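Colleague: Dropping a structure here in structure tokens format, bear with me for questions.
The values are calculated or read from the model by the stated rules, or taken from the named source; none is laboratory data. Everything quoted here is computed from the prediction, not taken from an experiment. Cβ placement follows ideal geometry from the backbone for every residue including glycine, while neighbour counts extend to all protein chains displayed. All accessible areas refer to the heavy atoms of the entire protein, side chains included, with ligands and DNA or RNA removed. Shrake-Rupley method; radii C 1.70, N 1.55, O 1.52, S 1.80 Å.
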Amino acid sequence: MISPSWHQFLTDLGGAVAADGDVSGLGGQISPAAPYLCPLPAYALISATGDEAQAFLHGQFTSDVNHLPEGRLQHSAWCTAKGRIYASMLLWHLAGNEFELLVAADLLPAMLKRLKMYVLRSKVVLAEKTDQVILGLGGQGATALLQAAGLTLPAEPLTYATFEGGRVARLEGEERFLLVVEESAAATWWQKLSAHAHPADSAVWRLGDVAAGIPWVCLATQEAFIPQMVNFERIGGVSFHKGCYPGQEVVARTQYLGKVKRSLFRGISPLPVAPGQPLVTPDMEDGASGQVVSGAPDAQGQWHFLAVLPESWQGRPVHLGDKEGAVVTLSPVAPEEPAA
């Protein structure tokens, strides 16, 4: 969770930090031809260390943790026995049996408590990382800005490089970087980067996730989706060649029987959207509905979002909230090649 000192720093900048970690008031509009810098207290980190940390995580999550090299990140999910995503994450392999899990901050307390229940006699220690701050840097010129700051940058998406007091990861999408820095150095890094990048609200970062087709599960959508509904198998978040993990039978059966009837779509709404908000197709017999995964506004005030809907909606009007709600525009999220 956000530390008091970092909270105060963002407040002094004019930012307002909501209970879920969303930061507003720093700057909603950005120039597409310049880099932007976002504070991201809506995300939090869990460390997993110990001789059996890798084996433990491999046995709990949907991805192939055993074959995740040091210096790389991996999308992953922790599912219930029914195959529903309890938490989504970016998994960092730091060194040896040292890992960190980047998750939605509103999931962290319950997730950490529940995950510890599965440790039993495994040699693994799980803990919230409270001494690190997460920043997002994106936009045209972000790469050059980080190089000018003296950082060695990772060459490929989902890889990271370390520097004194932190690390920087390259994410999917055009010039998007995630920085994890020590709390004691966070203000210095913010001032250094914001001298050449526009300070921006955290909604700007979410807009980048929507554009890249990266879904994040939060408290409002917990246990709402199986991994294939949100394209996790296409972004490297599911391995079908590993052993058992919670929900594995459901996830594998769904994949091999081809019974995924709901898919991830990208949408545009004239009105604000929120995670978990329903989408309704009133002229279908069952009033088939979908659900918003995440969303954010653009500079013109339109909301861009990711949502899970039944394939059968296509060609019919879809309304936000209920059958009287605003009509939204939808298109499939372009699939990528499935990871092994």
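Colleague: Kindly evaluate VAL210 against the criterion of being in contact with a Leu (Cβ under 6 Å, 6 or more places away or on another chain), of a type in the set (Val, Ile, Thr) and closer than 25 Å to VAL293 by Cβ. Break it down stepwise before answering.
Modeller: On the way: in contact with a Leu (Cβ under 6 Å, 6 or more places away or on another chain): yes; of a type in the set (Val, Ile, Thr): yes; closer than 25 Å to VAL293 by Cβ: yes.
For VAL210, the condition - in contact with a Leu (Cβ under 6 Å, 6 or more places away or on another chain), of a type in the set (Val, Ile, Thr) and closer than 25 Å to VAL293 by Cβ - is met.
Colleague: Let me ask something else. Picking from SER269, SER263, which residue would you name as being buried (at least 21 other Cβ atoms within 10 Å of the Cβ), at pLDDT 90 or above and of a type in the set (S, T, N, Q)?
Modeller: Details: SER263 fails: buried (at least 21 other Cβ atoms within 10 Å of the Cβ).
Among SER269, SER263, only SER269 is buried (at least 21 other Cβ atoms within 10 Å of the Cβ), at pLDDT 90 or above and of a type in the set (S, T, N, Q).
Per-residue answers, yes or no, for (1) open to solvent by less than 50 Å² (accessible area, probe 1.4 Å); (2) over 30 Å from SER63 (Cα atoms); (3) assigned to a loop (DSSP other than H, G, I, E, B); (4) in contact (Cβ under 8 Å) with a residue 12 or more places away in the chain:
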position: ALA220; (1), (2), (3), (4): no, no, no, yes
position: GLN228; (1), (2), (3), (4): yes, no, no, yes
position: VAL238; (1), (2), (3), (4): yes, no, yes, yes
position: VAL250; (1), (2), (3), (4): yes, no, no, yes
position: THR254; (1), (2), (3), (4): yes, no, no, yes
position: ASP283; (1), (2), (3), (4): no, yes, yes, yes
position: GLY295; (1), (2), (3), (4): yes, no, no, yes
position: LEU306; (1), (2), (3), (4): yes, no, no, yes
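Colleague: Moving on. For segment 308-324, give me each residue that is under 24 Å from the mean Cα position of the chain (by Cα) and either among the aromatic types (Phe, Trp, Tyr) or part of a strand (DSSP E or B) (or both).
Modeller: VAL308, LEU309, PRO310, LEU320, listed by residue number.
Colleague: So, one more: Pick from segment 169-189 the residues that are part of a strand (DSSP E or B) and among the β-branched types (Val, Ile, Thr): which of them is farthest from the chain's Cα centre (by Cα)?
Modeller: Just the residues of segment 169-189 that are part of a strand (DSSP E or B), to begin with: 169-170, 176-182.
Subset that is among the β-branched types (Val, Ile, Thr): 180-181.
On the way: VAL180: 15, VAL181: 18 Å.
Top of the filtered list is VAL181.
Colleague: How many residues, within segment 1-17, are open to solvent by 50 Å² or more (accessible area, probe 1.4 Å), within 24 Å of LEU101 (Cα to Cα) and free of Cβ contacts under 8 Å to residues at least 40 places away in the same chain? Walk me through how you get there before you give the answer.
Modeller: Within segment 1-17, the first condition is being open to solvent by 50 Å² or more (accessible area, probe 1.4 Å), and the residues that meet it are 1-2, 4-5, 7-8, 11-13, 16.
Applying the additional criterion that residues be within 24 Å of LEU101 (Cα to Cα) yields 1-2, 4-5, 7.
Applying the additional criterion that residues be free of Cβ contacts under 8 Å to residues at least 40 places away in the same chain yields 4, 7.
Residues meeting the conditions: 2.
Colleague: Please specify each residue of segment 73-97 satisfying the condition of being buried (at least 23 other Cβ atoms within 10 Å of the Cβ), out of contact with any Gly (no Cβ under 7 Å at 6 or more places or on another chain) and not aliphatic (A, V, I, L, M).
Modeller: TRP78, SER88, TRP92
Colleague: For segment 154-165, which residues satisfy the criterion of being open to solvent by less than 30 Å² (accessible area, probe 1.4 Å) and either assigned to a loop (DSSP other than H, G, I, E, B) or free of Cβ contacts under 8 Å to residues at least 24 places away in the same chain (or both)?
Modeller: PRO154, LEU158, GLY165
Colleague: Still on this structure: Can you name every residue in segment 98-131 that is under 19 Å from ASP20 (Cα atoms) and open to solvent by 50 Å² or more (accessible area, probe 1.4 Å)? Give the derivation first.
Modeller: If we filter segment 98-131 for residues that are under 19 Å from ASP20 (Cα atoms), which is where we start, we get 101-113, 128-131.
Within segment 98-131, ASP106, PRO109, ALA110, LYS113, GLU128, LYS129, THR130, ASP131 qualify.
Colleague: Now a separate question. Inspect all residues belonging to segment 140-149 and state whether any of them is in a strand (DSSP E or B) and open to solvent by 10 Å² or more (accessible area, probe 1.4 Å). Spell out the reasoning first.
Modeller: Start the filter on segment 140-149 by keeping residues that are in a strand (DSSP E or B), which leaves none.
No: segment 140-149 contains no residue that is in a strand (DSSP E or B) and open to solvent by 10 Å² or more (accessible area, probe 1.4 Å).
Colleague: I've got another one for you. Please determine whether any residue of segment 133-152 is free of Cβ contacts under 8 Å to residues at least 24 places away in the same chain and among the polar types (S, T, N, Q). Talk me through it step by step, then tell me what you get.
Modeller: Step one: of segment 133-152, the residues free of Cβ contacts under 8 Å to residues at least 24 places away in the same chain are 144, 147, 150-152.
Within this subset, residues satisfying the condition of being among the polar types (S, T, N, Q) are 147, 152.
Yes, some residue in segment 133-152 is free of Cβ contacts under 8 Å to residues at least 24 places away in the same chain and among the polar types (S, T, N, Q).
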